[in-house]
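What follows is one structure encoded as structure tokens, with my remarks underneath.
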């Protein structure tokens with residue numbers, strides 16, 4: 001049974017309903033009480049035992065002593081003019097992560113983090129500026145959905161693992177969190193509405209292909225050839241594009257789900273016509289979509305985004321060469337919505353006071 005590193009409470013969001021039933025049996029409760037608690041948490045999204053009004057007061061007290069639902073506090077919040085919400089959560093050990101809620105008329109997408117910081121060290125990303133501090137547990141990943149639902153006042157419909165950290169470098173917790181999200185007895189999301197984004201770890205991609213979770217795989221490509229990719233993504237020295245593409249093909253063959261290639265456009269770096277042609281060549285080897293994203297600038301870094309017209313020209317060139325390409329709208333620009341930005345800005349404020 002999962003136990004927090006920082007308290008001796010068991011984290012409910014790590015548990016299946018059967019595991020919760022066992023944990024509550026240890027407290028001397030009958031199985032129907034576990035079903036009640038599960039319904040409060042997973043269907044009604046109540047995160048305080050004291051608010052579970054059909055439970056005896058004594059049981060609520062015992063549950064509060066032995067079990068935890070949420071383990072973080074809200075350290076900061078920013079709201080963008082386009083409706084995006086960014087939260088900075090602080091866990092019991094003082095470590096902080098970010099999550100973002102992106103609202104649309106028919107959906108609310110939660111962009112969640114899986115690590116505190118990141119060891120990949122992508123040269124254009126704020127998350128890796130302080131390196132990797134630790135992995136998140138599955139419960140710490142899942143609870144970001146609860147925080148965003150509370151902040152937005154509506155239910156999350158989609159989840160993307162595109163926040164801080166490399167999901168497949170925290171493989172077991174990521175998969176456990178995904179299972180909680182798509183379990184009909186827990187969050188109950190459609191697996192097709194969950195996307196796991198990776199910088200491209202071939203061994204872990206192949207392992208993910210073998211899991212019974214028909215989610216979407218997104219690969220953060222950001223360069224169409226090995227030389228440029230190694231400049232932008234240090235880890236790419238260990239994994240060639242050929243290896244990444246081969247693993248992506250294996251994922252498609254196992255899951256029959258098209259892969260998404262993510263490509264952040266950096267002005268004067270990876271936005272040339274030649275890069276577009278090479279990227280179209282990569283995309284042509286896969287059943288995939290190409291999401292082109294205009295870079296969200298980071299104050300501490302020198303990279304800049306191309307202008308909107310240049311982005312549109314790049315996407316059109318991809319389409320002319322047969323790629324199923326889309327220019328994805330950047331959201332939350334005035335809410336420090338790029339990975340790691342809010343965490344960096346809050347740390348800067350605290351150290352300069």
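If the segment from residue 65 to residue 253 were pulled out straight at 0.36 nm per residue, it would be longer than the present Cα-Cα gap by 62.9 nm. As a proxy for reagent exposure, ranking 259, 264 by other Cβ atoms within 10 Å from fewest up yields 259, 264. Against the chain, whose longest principal axis comes from its Cα atoms, helix 57-66 is set at around 50 degrees.
Here the gap between residue 309 and residue 228, fully extended at 0.36 nm per residue and compared with their Cα-Cα distance, gives a gain of 26.8 nm. Put a dot 7 Å past the Cα of residue 18, heading toward its Cβ, do the same for residue 32, and the two dots end up 2.3 nm apart. Inter-part distance, the range 21-82 to the range 114-139, computed on C-alpha centroids, equals 29 Å. Normalised by the number of residues in the chain, the mean separation of alpha-carbon contacts (under 8 Å, six or more apart) gives a relative contact order of 15 percent.
Quick check: the angle from helix 138-152's long axis to the longest principal axis of the chain, C-alpha only, nearest 10 degrees? Computed tilt is about 90 degrees. Taking each residue as 0.36 nm, the span from residue 130 to residue 48 lengthens on full extension beyond its C-alpha to C-alpha distance by 26.2 nm. The C-alpha atoms of the chain define a longest principal axis, and helix 273-283 lies at about 50 degrees to it.
Read-outs: derived from the displayed coordinates by stated rules, not from any lab. These numbers come from a predicted model, not from an experiment. We place every Cβ from the backbone using ideal geometry, glycine too, and count neighbours over all the protein chains shown.
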